[in-house]
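Undergrad: My questions will all concern the structure given below.
All of the numbers you see were taken from the coordinates with simple rules; none came from a lab. Because the structure is predicted, anything quoted here is derived from the model rather than measured. Cβ placement follows ideal geometry from the backbone for every residue including glycine, while neighbour counts extend to all protein chains displayed.
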Amino acid sequence: MIGKRLPRIDAYAKATGQAVYADDMALPRMLFGKLLRSTRAHAQIVRIDCSDALRCPGVVAIADGSELPVRYGILPSSQDETVFAIGKVRYVGEPIAAVVAEDELLAQQALSRIRVEYAPLPSVMTIEDALRDDLPKIHEDSRKAGNVHKEAHLVFGDLEAGFAAADHVFEDDYFYEGNTHAAMEEHSALAQCSDGKITIWTSSQTPHYLHRIAASVLDVPAARLRIVAPFIGGGFGGKTEPFHHELAAAHLARKTGRPVKFTLTREEVFYAHRGRHPVKMKIKTGVKNDGTITACHLQTWLDGGAYGSYGIASTYYTGALTPVTYEIPAYAFDGCRVYTNKPPCGPKRGHGTPQPRFAVEAQLDKIADALGLDAAEYRKRIAVEPHSRSVNGLRITSCGLRECIDAVSDRTHYQRKHAALPLGRGIGLAASTYMCGAGLPIYWNAMPHSAAIVKADRGGGVTVYCGVSECGQGSQNMLAVIVAETLGIDTKDVSVCAGDTDLAPVDLGSYSSRVTFMAGNAARQAADSVRAQIDAVDPERTMPFPQAVALAEARFGPLVGVGSYTPPKDLSGDYKGSGVGPSPAYSYSACVAEVSVDLETGRVDIEKITLAHDIGRSLNPAMVEGQIEGGVYMGVGEAFFEASTFRDVLHLTPNLLEYKTPTSLDTPDVDTIIVETDDPEGPFGAKEVGQGPLVPIVPAIANAIADAIGVRLNATPFTPERILKAVANNDRALRLHAQAKP
Amino acid sequence: MVPTASKVLRRLRLNGASVECAFSPNKTLLEVLREDLGLTGTKHGCELGQCGACTVLIDGEPQLACLLLAVDCEDREILTIEGLAKHGRLHPLQKAFIDTGATQCGYCTPGMILSGAALLSANPNPTKEDAKAALSGNLCRCTGYAKIIEAVMLAAEAMRHDR
């Protein structure tokens, strides 16, 4: 099983239209819900009048903030949201009330009959404005200056001595634009309340966290609440926290006694957001003449939007992983997240790390150029060592960074081509790191991060019960493969029962690239336990599996094994902020981008992307490649088109026509190289691949553009306008570059 | 306020069968398929004609079900993902999607497969560029399209072999 290109266990259902997603579900007497969303970015709510709307045909119930006053937030330290705005609105698109009616059209029509009277407040739309003291606070109870949400300050090693010892100090500013997940499935939730118990079927990457928070917001015991995640039509981090419509569906199902479904429109998905933070960065790096880093000071400013979301973690993530890639003896990090009157930002694939990775890798390339170093050899020389500890205390185990760099530079002849291609053509390299699951849960507890139950039936069928959500990454398949391998059976004989808080033990969710490492280890342990019971009756493993199971069941009773996974305790140092960044293992990636730039139009064509990824061990190469190809594609989108931007207070492109994602014609060919380092703690040696491969794409492309035209872009996305402007501003550099090239 | 229109009764030629269905005349084909006929294999990602998730074949041509009124589909041959496999035998492209790993979250998959199947019946010898062009109206956020294009090429080969 392990390492074979087997079809996924859910592929048949998905290729035939049988796979069931939340909006595909319907229940008898089901009502349809719609959210009334704010048309103002920042305003006091003077009055909400629902009386006309309640009289509209087909309307069954309406709810607003007066019925659901409990504040919540995915992080215990950011409890700043309510299901419906109470007292004021903080972004255009924020939910204020909900209508449920006999059909969707009737609910939609009734929305227009709800009258909301606003008293407008000045809006805060930029990081610069959010740092000012003379604008209204978006969250009045915040005690921080201006509209600052979170500040983080960390220092490791002797920064002053490090910069004093440097032969050169480089200081650069970068900006990474915000963007969004745009999963193909629009969020949907169906809720039912019967026999005093509420069930929510929802496209959620984190059913467990929703379970906890819904219990609090709805004021029901968690024991009477069940969350089920059916197949999810893509997540990428965009479905990892409780959403208004999920809680509204549950509340209104309870209130009406009928099932209620809310499915967001694509425009609403852009308001639900929780996408990539726009981040301004300053990076100051001291190096010796040979490039050895002596000190690094990274400063980041994150535009958080109107609510906390995962923002405190996002802030720390912009600083945490830099020293897990390269040796940095002295490192300081200052992060600052601000509130603005925009849809809240949160975690998107790579959570908080693609932005600083752009800064770090673009600057390293500049340093290599300035010092006359080969950028690939240079990165290998300063790469972290396997089985070491970073300056910020993070434990590193397996590390294939050097192998990844070698693999992509050899495959593309990077060293021969770099600085040697004709004007307009370029090659660029970047490397990166990602976590295999957060070392700590988002709320403090001493319980396992993942658990699994494996049950063998006397007919030979085996079921794995585990709380993971299947958002496309293949978590269910991974469980089936690990259990089948352990028990020596075919994956066709394994059923997976996942994403159901009633039926499966807790897994914290499909986020932070944790599922293969953590749920995989839990499932393996559970299957090992079943294996041991079978081995007790059939030590030579000669019997057909069903017969061995029957014999074991006769001796031991029902054949069940349990397993769990809790990360080791010594993953980080002991300081405030050390909770973000530790992971039981890190994946490593290296990327080479080859581009051609049209100097007349500013258009960039990617000729090829080559990406090597240290996965530890590949459980299914076809699926690993699929994750890499998808990560590269999403990185290309962020490099060139994808941008969550605003005209005054309005989202500029809340639809899939104007929010540009790459089509099949825009996506370059990807050459993937799987590097295996056999992680000592991963299940069968495996590490993550869901997020890591996206992270080096943008800087590799930036470095390739620099090689092509001699101009370094410091802000994403790399639009034709930006490229032409950069070229015009760097006319001299361009001429020199042209002379230097053949 | 727009009054809800009375339902109309129509006979549709759907997945090789003739079905009678009563639905509101303001409903799109997408809504009628999903809500009135229970064919939820046809997905929606925008309902604005921008993403391709609701692609169905109308008289063999890929069309966006979210932009068609169901009442306009009378007397036309409608094929959805549920009707692509014949007598339990998968279309070669469905098989190729399964074998190559071209489906991840699976949400764009029905539309992709139908766009790809239309290409393969019109052009049995597509190049990779032909495949990319034929699928350029179907967005996918998971796969980077690589394995989807691979699946189309693989299915083309299998279908040539079968002939």
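Undergrad: So what is log10(I(q)/I(0)) for the stretch B:66-163 at q = 0.10, 0.12 1/Å, when the Debye sum runs over its Cα atoms only?
TA: -0.27, -0.38
Undergrad: Can you give the calculated 222 nm mean residue ellipticity of chain A, where each DSSP H run of n ≥ 4 adds -39,500 (n - 2.57) and the sum is split over every residue, rounded to the nearest 500 deg cm²/dmol? Please list the in-between numbers first.
TA: Details: 20 runs with 207 residues, N = 742.
That comes out to -8500 deg cm²/dmol.
Undergrad: Along its principal axes, what span do the Cα atoms of the stretch A:236-329 show, with the longest given first and each in whole Å?
TA: Taking max minus min along each principal axis of the Cα atoms, the stretch A:236-329 gives 72, 21, 18 Å.
Undergrad: Using the per-residue mean of other Cβ atoms lying within 10 Å as a proxy for protection, in what order, highest first, do the peptides B:135-148, A:50-63 fall? Walk me through the intermediate numbers first.
TA: Numbers: B:135-148: 26.6, A:50-63: 17.5.
Packing order, densest peptide first, comes out as B:135-148, A:50-63.
Undergrad: OK, next. Between the stretch B:97-163 and the stretch A:251-315, what is the separation of their alpha carbon centroids in Å?
TA: Cα centres, the stretch B:97-163 to the stretch A:251-315: 34 Å.
Undergrad: In debye, nearest 20, what is the charge dipole magnitude of the stretch A:33-124 about its Cα centre with +1 on Lys and Arg Cβ and -1 on Asp and Glu Cβ, if you could check? Kindly include the intermediate steps, with their values, before the conclusion.
TA: Values: 10 positive and 11 negative charges, 60 e Å.
Roughly 280 debye for the stretch A:33-124.
Undergrad: Continuing with this model, one more query. When a footprinting reagent is the concern and you count Cβ atoms within 10 Å, what order do A:Trp301, A:Trp201, A:Trp444 take, fewest first?
TA: Working: A:Trp301 24, A:Trp201 29, A:Trp444 8.
Least crowded to most crowded, the residues run A:Trp444, A:Trp301, A:Trp201.
Undergrad: Residues of the stretch A:571-596 with amide nitrogen under 20 Å from the 7 Å Cα-to-Cβ point of A:His153?
TA: Under 20 Å, as judged by backbone N against the label point of A:His153, lie A:574-580 of the stretch A:571-596.
Undergrad: Using only the Cα atoms, work out Rg/Rh for the stretch A:537-611, with Rh taken as the Kirkwood radius, to two decimals.
TA: Values: Rg = 27.3 Å, Rh = 19.5 Å.
Taking Rg over the Kirkwood Rh, I get 1.40.
Undergrad: Sort A:His208, A:His153, B:His87, B:His161 so the one with the fewest other Cβ atoms within 10 Å of its own Cβ comes first.
TA: On the way: A:His208 22, A:His153 13, B:His87 4, B:His161 8.
So the residues, fewest neighbours to most, are B:His87, B:His161, A:His153, A:His208.
Undergrad: Can you pull the mean other chain C-beta count within 10 Å for peptide A:103-113?
TA: Numbers: counts 3, 2, 7, 3, 0, 1, 4, 1, 0, 1, 1.
Mean partner-chain Cβ count within 10 Å for A:103-113: 2.
Undergrad: Using only the C-alpha atoms of the stretch A:587-742, find the volume of their convex hull and express it per residue in Å³. Intermediate values should be presented prior to the final figure.
TA: Values: hull volume 22.9 nm³, N = 156.
Once divided by residue count, the hull of the stretch A:587-742 is 147 Å³.
Undergrad: Decide, for the protein assembly as shown, between rounded, prolate and oblate: order the square roots of the alpha carbon gyration tensor eigenvalues as a ≥ b ≥ c, take rounded if a/c falls under 1.5, and otherwise choose prolate if a/b is larger than b/c, else oblate.
TA: On the way: a/c = 1.32, a/b = 1.19, b/c = 1.11.
Rounded, because the longest to shortest axis ratio a/c is under 1.5.
Undergrad: Still on this structure, please answer the following. Across peptide B:35-47, what mean number of C-beta atoms from other chains lies inside 10 Å of a residue's C-beta?
TA: 5
Undergrad: Along the charge dipole of the protein assembly as shown, pointing to its positive end and built from +1/-1 on Cβ of Lys, Arg, Asp and Glu, which listed residue (A:Met634, A:Ile200, A:Pro347) has its Cα farthest out?
TA: The residue sitting farthest along the positive end of the dipole is A:Ile200.
Undergrad: Something else about it: When the distances between all Cα atoms of the stretch A:189-304 are binned every 10 Å from zero, what whole-number percent does each bin get?
TA: Spelled out bin by bin, the stretch A:189-304 gives 12, 34, 21, 12, 11, 7, 2, 0 percent.
Undergrad: Under 20 Å between C-alpha atoms is the cut-off here; go through the stretch B:10-142 and count lysine pairs that meet it, provided they're at least eight residues apart or on different chains.
TA: On the way: B:Lys27/B:Lys43; B:Lys43/B:Lys95; B:Lys86/B:Lys95; B:Lys95/B:Lys128; B:Lys95/B:Lys132.
Taking the Cα cut-off of 20 Å, the pair count is 5.
Undergrad: Set Lys and Arg Cβ to +1 and Asp and Glu Cβ to -1, take the dipole of chain A about its Cα centre, and tell me which of A:Ala420, A:Ile62, A:Val727 lies farthest positive.
TA: A:Ile62
Undergrad: Give me A:Glu117, A:Glu540 sorted ascending by neighbouring Cβ count inside 10 Å, so fewest comes first.
TA: Values: A:Glu117 11, A:Glu540 6.
In order of increasing Cβ crowding within 10 Å: A:Glu540, A:Glu117.
Undergrad: While we're looking at this one, here's another question. Would you calculate the volume per residue, in Å³, of the smallest convex hull containing every Cα atom of the stretch A:436-482? It would help to have the intermediate numbers written out before the result.
TA: Values: hull volume 4.8 nm³, N = 47.
Convex hull volume per residue, Cα atoms: 103 Å³.
Undergrad: Give me the dipole magnitude in Debye, nearest 20, for the protein assembly as shown about the Cα centre, with unit charges on the beta carbon: positive for Lys and Arg, negative for Asp and Glu. Could the numbers behind the result be given before it?
TA: Numbers: 91 positive and 105 negative charges, 186 e Å.
That gives the protein assembly as shown a dipole magnitude of about 900 debye.
Undergrad: To the nearest whole number, what is the average tally of beta carbon atoms from other chains within 10 Å of the beta carbons of peptide A:177-190? Provide the component values of the computation, followed by the final result.
TA: On the way: counts 0, 0, 0, 0, 1, 5, 5, 18, 9, 8, 0, 0, 0, 0.
For peptide A:177-190, the averaged partner shielding equals 3.
Undergrad: Another question, then. With n ≥ 4 as the cut-off for DSSP H runs, can you work out [θ] at 222 nm for chain B, using -39500 (n - 2.57) per run divided by the number of residues, rounded to the nearest 500?
TA: On the way: 4 runs with 47 residues, N = 163.
The helix contribution divided over chain B gives -9000 deg cm²/dmol.
Undergrad: Still on this structure, I have one more. Please state, to two decimals, what the Cα-based radius of gyration of the stretch A:590-680 comes to when divided by 2.2 N^0.38 Å (N = residues).
TA: Numbers: Rg = 16.5 Å, N = 91, 2.2 N^0.38 = 12.2 Å.
Rounded to two decimals, the normalised Rg is 1.35.
Undergrad: I would also like to ask the following. Could you give the distance between the Cα centres of the stretch A:441-459 and the stretch A:158-214, to the whole Å?
TA: 23 Å
Undergrad: While we're looking at this one, here's another question. When a/c reaches 1.5 or more, the comparison of a/b and b/c decides; with that in mind, is the stretch B:1-44 rounded, prolate or oblate per its Cα gyration tensor? Write out the running numbers ahead of the final one.
TA: Values: a/c = 3.08, a/b = 1.41, b/c = 2.18.
Oblate is the answer for the stretch B:1-44, as a/c is 1.5 or above yet b/c matches or exceeds a/b.
Undergrad: In debye, nearest 20, what is the charge dipole magnitude of chain B about its Cα centre with +1 on Lys and Arg Cβ and -1 on Asp and Glu Cβ, if you could check? Present the calculation step by step, with values, prior to reporting the outcome.
TA: Details: 17 positive and 18 negative charges, 54 e Å.
It works out to roughly 260 debye.
Undergrad: Still on this structure, please answer the following. Enumerate the whole-percent occupancy of each 10 Å bin, from 0 to the last occupied one, for all C-alpha pair distances of the stretch A:463-568.
TA: Answer for the stretch A:463-568: a P(r) of 16, 46, 28, 10, 0 percent.
Undergrad: Along the charge dipole of the stretch A:586-728, which of A:Ser618, A:Gly685, A:Pro717 sits closest to the positive end, that is, farthest toward it, with unit charges on the beta carbon of Lys, Arg, Asp and Glu (+1, +1, -1, -1)?
TA: Highest projection toward the positive end goes to A:Pro717.
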